Amino acid sequence: MKKWATLLLSGVMSLALFSGCGGGSLFQNPGDADYNRYPTDYDPDVNSWEQIDPSDDDVSITWFMDVTWGNQFLEELIYKRTGVRVTFQVAINNTHDELNTMIAGGKLPDIITTDNLPLRVQLAEEGYCYAINKLAESYAPSLLNRISQEHMDYYKSSDGNTYCVAHNFYNDADVAEFKEMGGEQYANGGLLVRKDWLNAYLDYKKKENPAFDADKEVTKPSGFIEMCKWVKNKFSIPNSVSTVLFSEFPTTAMNDIISQSLTALTEFMGVPLEDGEGNLVYQYATEEFQNVMKFINELYRNKLIFSGNFAYDTADITQQIVNGKVFAFVGNDQSYRSAFVRREMTAYDKATDTVPDSAQYVPIILTNEEGDAPILLDFAGRGQNLVMITKNCKREDRVIKVIDYLMSEQGMREILYGETEGEWYNYTLRPGETDPVTGKPSTYGRIELTDKGKNAVANGLNQSTLSWGVGRLSVICNPMYARMVTADDGFAGIVAPYYWTMYNNKKAYFGYTASRANFRYPLDVSDRKALNKHVDRQADVEKVWIEALPKMIMANSEDDMMKIYQDALAKSYQRGAEEWMAFRNKCFKTYKEKTGVKYAWPKNDPAYVAPEVKLFGNADKYMDRPSWVYGGV
């Protein structure tokens, strides 16, 4: 627990640095930007990077990733297309300490990527970064054709400009086209269990009682706990291992999420986001949230969650999954997709094209105790990591062209499928050609892997496809692209083994998902002081619950847990939860009115029909693993 306490203190210090006092700020405004320092005569109908003056020198920049992932072998491709040499620097941890130090010392790099809301707002509002829209107008007008209006609006600042572009932003047009194509959005959260141990439990229950109905019993919290206790005892899972493994417990929230595992369980167990009158709900104050906490606390008191789980980082969780030590995992399983696929591929038998049950984790459904079908919010949100060009940038006119390239169809294709058509991939339908399914022009076309591409995927454990220049993850990823161009693999977008794993872990939840975009509304930026106050309140309220969460989970009894919960709830109101929610609700209702959304929460819609609750969801209705994914051709 020492590691948890240290990280928590570090996170609190980070938030303190970036939160204003009494409406003020610790940032100093470095002055207005000049958006005409370089020539601005660019044709908006021609890719901006293709209009770089050949006599212009190459540029070298530093891109700091204030997140703990990187190394996607993008540098040479970016240089080849734009003449900009990028050095990526990746944060040691998720506490934002390194970026804090850079700001305090006036040493911001050329570009930063961060997932921290207070930091993003302050850097934009206090003038530390260039406005993306204004840079694009001057030096890369073709970029304006790629950034959707909702993207611009969502991240708009109080001066009417947009100072960042978002990684993993779902554009409305892409989402609509994908739906017309027949695609299904992935749920963000999941609950996966080890298949052989699950089957052993189901066999035991059916022998004990032939009338046993797993769809009705195992899916309820009480039935799930009973199963976990049996598995722990039967297969001798020690108390030093979490029978039910949780995602990392972060020290700061990201996109309103203080814990991915907690959020997944609130969705499985029916904690509402909107009330019947169309108002945003303060989830922490609901009876349904209390039930979630009682469930998690009961898991802990039955020694199904190990206290060390609170200090686990990504590597620790990955190791637990790869080694098959845990029975269940709950949270954002896509963040650990490489662990799940590594376990499967290590045990894969090519001769029979099979993976033993002992190497597989399979998704299951969980409900509340009443057995209500869950509503799982999908991936289709409004961005995750935010990219900003700082005013320390040496050549902002060239760097904005890098952004343009990365967000283009060409950039996305070359990052994922390589530079040369016919080597790793072939087009079956080119961008702009009529999609035979929708009868409309296809935005990105259709792509299928060549045999060489498929063999690269199958060899993914021995040599990462990244090193060959395929299957790379862009630092400004359009998450819809890979799935929209690969209808032949069930819209899984398999360019690396883990893309299959992600599809396989999510297909059970098709039909149980709802749009996250309805709850990703732009903030009211008309009043800068009110905006800053909102950001400060959000940090304060989230801090309350981040601190309370492990205490509630580890409480010695349900009564003790409820005492900690009531204290945290009261403290959150003291920190401004009511005012925070009022601001959010105003933005939420304005957004719904603008977009024509009457019911953001599906259960409020009189036409809502709950899907049938089945232990394995709808997995049997969708594609099985193509043999080439693990076995090649």
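The values are calculated or read from the model by the stated rules, or taken from the named source; none is laboratory data. Predicted, not measured: the structure shown is a model, and the values here were computed from it. Counting neighbours? That spans all protein chains shown, and the Cβs are built from the backbone with ideal geometry, glycine included. Areas reflect the complete protein model, heavy atoms only, side chains present, ligands, DNA and RNA absent. Shrake-Rupley method; radii C 1.70, N 1.55, O 1.52, S 1.80 Å.
With the requirement that a residue be crowded, with 16+ Cβ neighbours inside 10 Å, within 15 Å of Val387 (Cα to Cα) and not charged (D, E, K, R), what does the range 58-78 give you?
Restricting attention to the range 58-78, the residues satisfying the condition of being crowded, with 16+ Cβ neighbours inside 10 Å are 59, 61-67, 70, 72-74, 77-78.
Remaining after also requiring within 15 Å of Val387 (Cα to Cα): 61-67, 70.
Hits for the range 58-78 are Ile61, Thr62, Trp63, Phe64, Met65, Val67, Gly70.
Sort out which residues of the range 585-630 are among the aromatic types (Phe, Trp, Tyr), open to solvent by 40 Å² or more (accessible area, probe 1.4 Å) and either under 24 Å from Leu191 (Cα atoms) or touching a helix residue (DSSP H, G or I) at 6+ places or on another chain (Cβ under 8 Å) (or both), and write them in order of number.
First, the residues of the range 585-630 that are among the aromatic types (Phe, Trp, Tyr): 588, 591, 599, 601, 608, 616, 622, 628, 630.
Now drop any that are not open to solvent by 40 Å² or more (accessible area, probe 1.4 Å), which leaves 599, 608, 616, 622.
Tyr608, Phe616, Tyr622, listed by residue number.
Conditions (1) within 30 Å of Val326 (Cβ to Cβ); (2) open to solvent by less than 20 Å² (accessible area, probe 1.4 Å); (3) touching a Phe, Trp or Tyr at 6+ places or on another chain (Cβ under 6 Å); (4) not β-branched (Val, Ile, Thr), marked per residue:
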| position | (1), (2), (3), (4) |
| --- | --- |
| Ala373 | yes, yes, no, yes |
| Val387 | no, yes, no, no |
| Cys393 | no, yes, no, yes |
| Tyr405 | no, yes, yes, yes |
| Met412 | no, yes, yes, yes |
| Pro431 | no, no, yes, yes |
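Each row is one residue, and each column tells you yes or no for (1) buried (at least 21 other Cβ atoms within 10 Å of the Cβ); (2) among the polar types (S, T, N, Q); (3) in contact with a strand residue (DSSP E or B) (Cβ under 8 Å, 6 or more places away or on another chain); (4) modelled with pLDDT under 95.
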{"position": "Leu192", "(1), (2), (3), (4)": "yes, no, yes, no"}
{"position": "Lys195", "(1), (2), (3), (4)": "no, no, yes, no"}
{"position": "Trp230", "(1), (2), (3), (4)": "no, no, no, no"}
{"position": "Asn233", "(1), (2), (3), (4)": "no, yes, no, no"}
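Residues are listed down the side, and each one gets a yes or a no for (1) of a type outside the set (Phe, Trp, Tyr); (2) in contact (Cβ under 8 Å) with a residue 60 or more places away in the chain; (3) under 14 Å from Thr251 (Cα atoms); (4) in contact with a strand residue (DSSP E or B) (Cβ under 8 Å, 6 or more places away or on another chain):
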{"position": "Val544", "(1), (2), (3), (4)": "yes, no, yes, no"}
{"position": "Met552", "(1), (2), (3), (4)": "yes, yes, no, no"}
{"position": "Met561", "(1), (2), (3), (4)": "yes, yes, no, no"}
{"position": "Lys571", "(1), (2), (3), (4)": "yes, no, no, no"}
{"position": "Trp580", "(1), (2), (3), (4)": "no, no, no, no"}
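Any idea how many residues of the range 491-539 are open to solvent by less than 10 Å² (accessible area, probe 1.4 Å), touching a Gly at 6+ places or on another chain (Cβ under 6 Å) and either within 22 Å of Arg382 (Cα to Cα) or without any contact (Cβ under 8 Å) to a residue 60 or more places away in the chain (or both)?
Total meeting the criteria: 2.
Which one of the conditions (1) touching a Pro at 6+ places or on another chain (Cβ under 6 Å); (2) touching a residue at least 12 places away in the same chain (Cβ under 8 Å) does Tyr608 fail to meet, given that it meets all the rest?
(2)
Which of the residues that make up the range 436-480 are open to solvent by less than 30 Å² (accessible area, probe 1.4 Å), among the hydroxyl-bearing types (Ser, Thr, Tyr) and farther than 30 Å from Lys179 by Cβ?
Scanning the range 436-480 gives no hits.
This table checks each residue for (1) without any contact (Cβ under 8 Å) to a residue 40 or more places away in the chain; (2) closer than 30 Å to Thr114 by Cβ; (3) among the acidic types (Asp, Glu); (4) touching a Phe, Trp or Tyr at 6+ places or on another chain (Cβ under 7 Å).
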site: Asn209; (1), (2), (3), (4): yes, no, no, no
site: Phe212; (1), (2), (3), (4): yes, no, no, no
site: Ile257; (1), (2), (3), (4): yes, yes, no, no
site: Ala264; (1), (2), (3), (4): no, yes, no, no
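For Phe289, work out the one condition from (1) open to solvent by less than 10 Å² (accessible area, probe 1.4 Å); (2) within 23 Å of Asn556 (Cα to Cα); (3) in contact with a Lys or Arg (Cβ under 9 Å, 6 or more places away or on another chain) it doesn't fulfil.
Answer for Phe289: the failing condition is (3).
Would a scan of the range 553-567 turn up a residue that is basic (Lys, Arg), in a helix (DSSP H, G or I) and surrounded by 18 or more Cβ atoms within 10 Å (Cβ to Cβ)?
no
Take the range 236-253 and flag every residue that is open to solvent by 40 Å² or more (accessible area, probe 1.4 Å) and farther than 17 Å from Arg301 by Cα. Steps first, please.
Residues of the range 236-253 open to solvent by 40 Å² or more (accessible area, probe 1.4 Å): 236, 238-240, 248, 250.
Residues satisfying the conditions are Ser236, Glu248, Pro250.
Considering only residues that are surrounded by 19 or more Cβ atoms within 10 Å (Cβ to Cβ), of a type in the set (A, V, I, L, M, F, W, C) and more than 23 Å from Asn505 (Cα to Cα), which ones fall in the range 300-332?
Hits for the range 300-332 are Phe306, Phe310.
So Phe491 passes all but one of these: (1) assigned to a loop (DSSP other than H, G, I, E, B); (2) in contact with a Phe, Trp or Tyr (Cβ under 6 Å, 6 or more places away or on another chain). Which condition number does it fail?
If we test Phe491 against (1) assigned to a loop (DSSP other than H, G, I, E, B); (2) in contact with a Phe, Trp or Tyr (Cβ under 6 Å, 6 or more places away or on another chain), just (2) comes out false.
Which numbered condition trips up Thr352, out of (1) in a loop (DSSP other than H, G, I, E, B); (2) at negative phi; (3) in contact with a Ser or Thr (Cβ under 8 Å, 6 or more places away or on another chain)?
So Thr352 meets the others, but not (3).
Report yes if Ala311 is in contact with a strand residue (DSSP E or B) (Cβ under 7 Å, 6 or more places away or on another chain), among the aliphatic types (A, V, I, L, M) and touching a residue at least 24 places away in the same chain (Cβ under 8 Å), otherwise no.
Values: in contact with a strand residue (DSSP E or B) (Cβ under 7 Å, 6 or more places away or on another chain): no; among the aliphatic types (A, V, I, L, M): yes; touching a residue at least 24 places away in the same chain (Cβ under 8 Å): yes.
No; evaluated as a whole, the condition is false for this residue.
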